[in-house]
Amino acid sequence: MKRCIVFFFVGLICFSCGIPDEAKRAVDSFDRAIASANKRGADLTSILNQLRAELPAEFHQIISNDLEILARDVQGMTIETIFCSLDFARARVVESLDQMKKKIQRLYDKDIHFSMPPPVFCNSNIKSIDLASNLNSINTLNFYGYNFFSKDTGSNLLKVALLGDKKKAWVEEKYIGRNSNYAFSVNISALLPDLVNNDYNKIKIYWNEDSTNLSEVLLQPYVPHTKYVTSTQYPYTWAPPHTGGDRDFNTSDGNWTVFEVFVETEIFPTQIEARVFMGAMEFGGDNTAVGWRWDTNELGYSDWFPIYSLDDPNYTIIGISPNSEG
């Protein structure tokens, strides 16, 4: 009976063996910084300064710019804690430190992936906008959070959209203030005409063409308030020019004498203007005429003149009664 001896060879792969000691030290420094930042009441600025001091020199060029940006953001977020909690700031710092650690690890292990984390929101200075209130008091809509400079898969920053029933309009970049990585604003004053006239009901933030879990502001509809104003007619004198014949209308010879008088009005947002037409013509005799001529009646019109001016900036003139001519 023959016997076979089978030998098993076990291959061991050490994923960290190829990482030099300096890289291990850098990763350990990041782990300590992350652990410290996770503690309530942590002094985030001191933690970042300590990490910068511990970081091996060869990694400064790779990480130092990220650390400087994060340090500035920490100071800014500390000032903005009236809008965002300290816990929110700590979570954002931990998230950023973890991304930096992965950036170092990926130098030696290409299977480690990292990407710019998506924007997150903690607050806005306005939860809803009542378009029926005093519109002059609404200026800027401010959003607070973190990673506002992150670009999506299409290399786009955060977008702002105006939403209505079955319609969406993107807010132009010139109306968006990208103030920092943790705050940006929207110029509501400049958008008010669109908000009032187009029946939008929400302002929504998009990233990667998606608005899930991103901030939004409700728009309460604008309902115009109408009031009626009685105005005393402006005094105005108009004498149409003499356009034919002598200056006497002969009304005793049986020939017709025709005359016409009317007023035209034009409505502007803050003013109503008018002009008067007066014309008369004698048919027969020497054809005496004022305002009219056989080839034109334009000579019978006065210049345009104001009959009403609006002094309340919160109102717009929309009509005149009984009608626009008479």
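Taken together, the values in this text are just the output of simple stated rules run on the coordinates, not laboratory data. This is a predicted model, so every value here is computed, not measured. Methodologically, a virtual Cβ is constructed for each residue, glycine included, from the backbone with ideal geometry; neighbour enumeration extends over all protein chains shown.
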Exercise. Could you tell me which of 223, 47, 269 has its Cα farthest along the dipole of the chain towards the positive end, charges placed at Cβ (Lys, Arg +1; Asp, Glu -1), taken about the Cα centre?
Key: 47
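If neighbour count is taken as other Cβ atoms inside 10 Å, put 77, 281 in order from fewest to most.
On the way: 77 26, 281 22.
The most exposed by this proxy come first: 281, 77.
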Self-check item: Under the Karplus curve 6.51 cos²θ - 1.76 cosθ + 1.60, θ = phi - 60°, whole-Hz ³J(HN,Hα) for the range 94-108, x wherever Gly or Pro sits
Solution: 4, 4, 5, 5, 5, 5, 5, 4, 5, 4, 5, 4, 5, 4, 10
Quiz item: What angle, in degrees between 0 and 90 and rounded to the nearest 10, separates the Cα long axis of helix 60-79 from the longest principal axis of the Cα atoms of the chain?
Solution: 50 degrees
Quiz item: Relative contact order for the chain using alpha-carbon pairs under 8 Å, separation at least 6, rounded to a whole percent?
Solution: 11 percent
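Enumerate by residue number the GluC sites (Glu not before Pro) in the range 120-228 meeting two conditions: DSSP loop (anything except H, G, I, E, B), and at most 13 other Cβ atoms within 10 Å of the site's Cβ.
Those that pass, being in a loop and sparsely packed, are 172, 209.
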Practice problem: Return a whole-number percent for the relative contact order of the range 119-259, with Cα pairs under 8 Å and 6 or more residues apart as the contact set. | Solution: 27 percent
Self-check item: Listed residue pairs exceeding 31 Å between alpha carbons, taken from 102/159; 101/151; 24/159; 103/204
Solution: 24/159; 103/204
Quiz item: Mind checking which of 171, 93, 276 has the largest fluctuation in a GNM of the chain, springs on alpha carbons under 10 Å?
Solution: 276
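Exposed loop trypsin sites (Lys or Arg not before Pro) only (DSSP loop, at most 15 other Cβ atoms within 10 Å): please give the longest stretch of the chain free of them, not including the sites. Working shown, then result.
Numbers: sites that count: 2, 3, 39, 40, 106, 110, 127, 151, 166, 227, 247.
That would be 248-326.
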Quiz item: How high is the relative contact order of the range 195-244, given as a whole-number percent (alpha carbon pairs under 8 Å, six or more residues apart)?
Solution: 30 percent
Quiz prompt | Mean projected area in nm² (Cα convex hull; one quarter of hull surface) for the range 60-124 | solution = 4.8 nm²
Practice problem: Kindly put 155, 180, 231, 124 in sequence by how many other C-beta atoms sit within 10 Å of each C-beta, fewest to most. | Solution: 155, 231, 180, 124
Quiz item: Taking only Cα atoms, what is the 0 to 90° angle, nearest 10, from helix 188-197's long axis to the longest principal axis of the chain?
Solution: 60 degrees
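Over the alpha-carbon set of the chain, divide Rg by the Kirkwood Rh and report the Rg/Rh ratio to two decimals. Provide the component values of the computation, followed by the final result.
Values: Rg = 38.3 Å, Rh = 27.4 Å.
Here Rg/Rh amounts to 1.40.
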Practice problem: Averaging over all projection directions, find the projected area of the Cα convex hull of the range 189-326 and quote it in nm² with one decimal place. | Solution: 14.3 nm²
Self-check item: Nearest 10 degrees, 0 to 90: helix 21-37 Cα axis against the chain principal axis
Solution: 60 degrees
Quiz prompt | GNM flexibility winner over the chain from 49, 142, 250 (Cα, springs under 10 Å) | solution = 250
Quiz prompt | Value at 222 nm in deg cm²/dmol, rounded to 500, when DSSP H runs of n ≥ 4 in the chain each add -39,500 (n - 2.57) | solution = -8000 deg cm²/dmol
